[in-house]
Amino acid sequence: MTEIPESLLRRSAEAKAKALGLPVEQVLAEMKGEAPPIPPPSDEPQPEPPRSDDVAAMEEAAETSEEIEEAVESVEEEPAPAEEVPAGPAAETPEIEPEQEAEVPAAPPTEAPLIESSEEAVSSPVAGDGAEGDGGGQAEPAAEPAAAAVATAVEDKPSSAGDGSSAGNGAGNGKVAALVSPRPTVPPKGTPEGVRTQRLLTVVKARAIQTVKAEPTDKVNTWPHLMLMEFGALLAITGLLVIMSVVIHSPLLDPANFNATPNPSKAPWYFLGLQELLSYFDPQIAGVTVPTITGIIGFMMVPYVDKNPSTRPSDRKFAIALYSVFLAGAATLTIFGVLFRGLGFNFSYPWKDGVYFDDLKDWVHFE
Amino acid sequence: MANGNGKTGLRDRIKETNDKLWGSQFAESILRPGSPFKKGYSDSPRNRSYVVMNNVLYHLHPVKVKRHGVKLSYTLCLGGLSFFLFILLTITGIFLMFYYTPSAETAYADIEALSTNVAFGSLVRNMHRWGAHLMVLSVFLHMSRVFYHGAYKPPREFNWVVGVILLFLTLLLSFSGYLLPWDQLALWAVTVGTNMAGFVPVVGNQVKFALLAGVEVSASTLLRFYVLHVLALPFILVIFLAVHFWRVRKDGGISGPL
């Protein structure tokens, strides 16, 4: 067995001790394997405690709700190990429809798999997931009273087989499925003689109790996983910025002079694409239509125009092509404006006439 | 704890001091439950959640994120980096404000003095300028990433709109800062830029007039751009940033993989 940190063990020992009313040290010692286990022992994670709706049985025949409570009590009064059956929260008992009779079949060990109609049988891992996923168990009892499920919980101690006469009453109904708890049939080591660990958790019709709506997603803790990545990204960009700031100086040309227009006059690089357009088209088109309509309003309207619900690239070739054309066009115009525009904003080769771009001019000279 | 020869080892002393320091009432009062600095911190799922929930900065994040979100990729954290650059620009910008007067007579001399007389003045100015360019770039790349992932689709439509506004504000911030050195580059780049704004029909000339505080770039334009750059636009940007981050969380976190 892998080493469990002391703090974790202690925490769960405290919880268990509180539930059982035992001293913490005793439970802790048992968990560590230093003391004889409290019967029945559990080497593995605590099985989910059966809820009271597991303990109750539901059937179509209408009876009074008192009988349900009696039935529930009859199960809970059994000399079961306390850890196995903590009294279910009272709030969950109303899930049983008052009209439905409660039957508590204490199935003899040999009958443990109560599956008689295998068609609607639910495999036990499903039940395990359900109970684990949300303890509340979204019951829908009113939805299908006719398809009422027979839910039983049997403490499979031989002593409880005493009223086996009533067993099978509920199970006799052909429209139920039995759920056997996912606990192993092979008792864990150290199990005292006569204690069986397999038990019947509940018998429900498939989908009668809960429907799973949300798909489980694969998630990781933000701390430390995401934050580590973010911290790395921050360090990288800070490093890049500092190196850039050491190597390239910000430009500072002559003081502003309204009477000396530099040749050429260029806008900041992110507007150079626009300025480039202005040299081709009428300013009404390049100065208005392209930046405001396409740039701002067009971009804002993207999610309302693109009605395609898919996010897979193969489904949205047109959108991707359109954006790629925009991206390539903007990049081309900007690079052209930065490198290939010389005196008088006329075409020039950067390798022949020099680069007319003052922003990145002042590099540190290493000599 | 003795280390065999009956003396207290250095490591134990450090641990003791550390426990005393972080276990003091003062430290306990600062650190919320789950802080990794808190005495007796242990790595448990519960504490991993607390680290995020109980920290004013970290709780921008959800406690858990989808696994694909932490994969190393070319587009990792572009939005976050844009925000980080904004913070860096705020810090360096405050530094620069101590040495700068927005008047046509002194602005250029202030920048010159900043580059030569002030400790780290040149470095901070360079960081501010290149940081601004990088921010324009990273915001734009962030937008491209979002588009290619189709991450603007329902329920995230409105956050895309907010994002476009943020891009626009980023451009305005960068542009308004461009004039402040008051050199030839600043003056004429802004002249060219605002001339383009003048082409907008109906309101074009009014917009241009409001931006320039006149019909052309002048000394009062400098003050106008200064106030826009250091106060008005950052104020608006922060409001939209808050909405943007909040909607990222409310719309279901980062979008799914392709």
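The values are calculated or read from the model by the stated rules, or taken from the named source; none is laboratory data. The shown structure was predicted, so the numbers you read here are calculated from the model rather than taken from an experiment. Positions of Cβ are backbone-derived with ideal geometry, glycine not excepted, and every protein chain shown enters the neighbour counts. Note: accessible area is taken over every heavy atom of the protein model, side chains too, but ligands, DNA and RNA are not part of it. Shrake-Rupley method; radii C 1.70, N 1.55, O 1.52, S 1.80 Å.
Suppose we keep only residues that are open to solvent by 40 Å² or more (accessible area, probe 1.4 Å) and more than 7 Å from chain B (Cβ to nearest Cβ) within the range A:282-295. Which one would you say is farthest from B:Ala132 (Cα to Cα)?
Here the answer is A:Asp282.
Given the condition of a type in the set (A, V, I, L, M) and either crowded, with 16+ Cβ neighbours inside 10 Å or part of a loop (DSSP other than H, G, I, E, B) (or both), answer yes or no: does some residue in the range A:316-323 qualify? Walk me through it before giving the result.
Initial filter on the range A:316-323 (of a type in the set (A, V, I, L, M)): A:319-322.
Within this subset, residues satisfying the condition of being either crowded, with 16+ Cβ neighbours inside 10 Å or part of a loop (DSSP other than H, G, I, E, B) (or both) are A:319.
Within the range A:316-323, one or more residues are of a type in the set (A, V, I, L, M) and either crowded, with 16+ Cβ neighbours inside 10 Å or part of a loop (DSSP other than H, G, I, E, B) (or both).
Please specify each residue of the range A:212-261 satisfying the condition of being within 7 Å of chain B (Cβ to nearest Cβ) and among the charged types (D, E, K, R).
Across the range A:212-261, the qualifying residues are A:Asp218, A:Lys219, A:Glu230, A:Asp254.
Go through the range B:144-161 and give me each residue that's surrounded by 20 or more Cβ atoms within 10 Å (Cβ to Cβ) and either farther than 19 Å from A:Ile297 by Cα or more than 7 Å from every other protein chain (Cβ to nearest Cβ) (or both).
B:Val146, B:Arg156, B:Asn159
Looking at this structure, is A:Leu272 assigned by TED's automatic domain parsing to the domain that holds A:Asp358 and open to solvent by 30 Å² or more (accessible area, probe 1.4 Å)? Even if it seems obvious, please write down each step before you answer.
Values: assigned by TED's automatic domain parsing to the domain that holds A:Asp358: yes; open to solvent by 30 Å² or more (accessible area, probe 1.4 Å): no.
For A:Leu272, the condition - assigned by TED's automatic domain parsing to the domain that holds A:Asp358 and open to solvent by 30 Å² or more (accessible area, probe 1.4 Å) - is not met.
Restricting the search to the range A:324-367, which residues are farther than 18 Å from A:Leu274 by Cβ, free of Cβ contacts under 8 Å to residues at least 40 places away in the same chain and either in a helix (DSSP H, G or I) or acidic (Asp, Glu) (or both)?
Within the range A:324-367, A:Ser324, A:Pro350, A:Trp351, A:Lys352, A:Asp353, A:Glu367 qualify.
Considering only the range B:80-96, state which residues are under 10 Å from the mean Cα position of the chain (by Cα) and either more than 9 Å from chain A (Cβ to nearest Cβ) or touching a residue at least 12 places away in the same chain (Cβ under 8 Å) (or both). Please lay out each step first, then the result.
First, the residues of the range B:80-96 that are under 10 Å from the mean Cα position of the chain (by Cα): B:80-91.
Residues satisfying the conditions are B:Leu81, B:Ser82, B:Phe83, B:Leu85, B:Phe86, B:Ile87, B:Leu88, B:Leu89, B:Thr90, B:Ile91.
Regarding the range B:178-186, can at least one residue be identified that is surrounded by fewer than 19 Cβ atoms within 10 Å (Cβ to Cβ), more than 9 Å from chain A (Cβ to nearest Cβ) and either in contact with a Pro (Cβ under 7 Å, 6 or more places away or on another chain) or at pLDDT 90 or above (or both)? Lay out the reasoning, then the answer.
Applying the first criterion (surrounded by fewer than 19 Cβ atoms within 10 Å (Cβ to Cβ)) to the range B:178-186 yields none.
Scanning the range B:178-186 turns up no residue that is surrounded by fewer than 19 Cβ atoms within 10 Å (Cβ to Cβ), more than 9 Å from chain A (Cβ to nearest Cβ) and either in contact with a Pro (Cβ under 7 Å, 6 or more places away or on another chain) or at pLDDT 90 or above (or both).
Consider B:Tyr74 against the criteria (1) surrounded by 13 or more Cβ atoms within 10 Å (Cβ to Cβ); (2) more than 11 Å from chain A (Cβ to nearest Cβ): it satisfies all of them except one. Which criterion is unmet?
Of everything listed in (1) surrounded by 13 or more Cβ atoms within 10 Å (Cβ to Cβ); (2) more than 11 Å from chain A (Cβ to nearest Cβ), B:Tyr74 misses just condition (1).
For A:Pro264, all conditions in the list (1) facing chain B (nearest Cβ under 7 Å); (2) at pLDDT 85 or above; (3) over 48 Å from the mean Cα position of the chain (by Cα) hold save one; what is the number of the exception?
Failed condition: (1).
If you take the residues in the range B:106-122 that are under 14 Å from B:Leu180 (Cα atoms), open to solvent by 30 Å² or more (accessible area, probe 1.4 Å) and in a helix (DSSP H, G or I), which one is nearest to the other protein chains (Cβ to nearest Cβ)?
As a first pass, look at the range B:106-122 and keep what is under 14 Å from B:Leu180 (Cα atoms): B:106-112, B:114.
Narrowing further to those that are open to solvent by 30 Å² or more (accessible area, probe 1.4 Å): B:106, B:108-110, B:112.
In the following step, the residues that additionally are in a helix (DSSP H, G or I) were identified as B:108-110, B:112.
Working: B:Tyr108: 5, B:Ala109: 9, B:Asp110: 11, B:Glu112: 7 Å.
Out of the qualifying residues, it is B:Tyr108.
For the range B:206-223, enumerate the residues that are buried (at least 18 other Cβ atoms within 10 Å of the Cβ) and part of a loop (DSSP other than H, G, I, E, B). Outline the logic, then answer.
Pass one, the range B:206-223, residues buried (at least 18 other Cβ atoms within 10 Å of the Cβ): B:208, B:211-212, B:217, B:221-222.
Within the range B:206-223, just B:Val217 meets the criteria.
Take A:Ser279 and decide whether it is closer than 25 Å to A:Asn346 by Cβ and more than 9 Å from chain B (Cβ to nearest Cβ). Don't jump to the end; show me each part of the working.
Numbers: closer than 25 Å to A:Asn346 by Cβ: yes; more than 9 Å from chain B (Cβ to nearest Cβ): yes.
Criteria met by A:Ser279.
Check the range A:335-353 and report whether any residue there is on the phi > 0 side of the Ramachandran plot and not charged (D, E, K, R). Can you show your working first?
Looking only at the range A:335-353, we keep the residues that are on the phi > 0 side of the Ramachandran plot, and these are A:344-345.
From what is left, the residues that are not charged (D, E, K, R) are A:344-345.
Yes: one or more hits.
For the range B:175-205, which residues satisfy the criterion of being in contact (Cβ under 8 Å) with a residue 12 or more places away in the chain and not in a helix (DSSP H, G or I)?
Matches in the range B:175-205: B:Leu179, B:Leu180, B:Pro181, B:Trp182, B:Asp183.
Could you run through the range B:148-174 and say how many residues are of a type in the set (A, V, I, L, M, F, W, C) and in contact (Cβ under 8 Å) with a residue 60 or more places away in the chain? Walk me through how you get there before you give the answer.
Going residue by residue through the range B:148-174, those that are of a type in the set (A, V, I, L, M, F, W, C) are B:151, B:158, B:160-162, B:164-169, B:171-173.
Retained after the next criterion (residues that are in contact (Cβ under 8 Å) with a residue 60 or more places away in the chain): B:151, B:158, B:162, B:165-166, B:169, B:172-173.
Total satisfying the criteria: 8.
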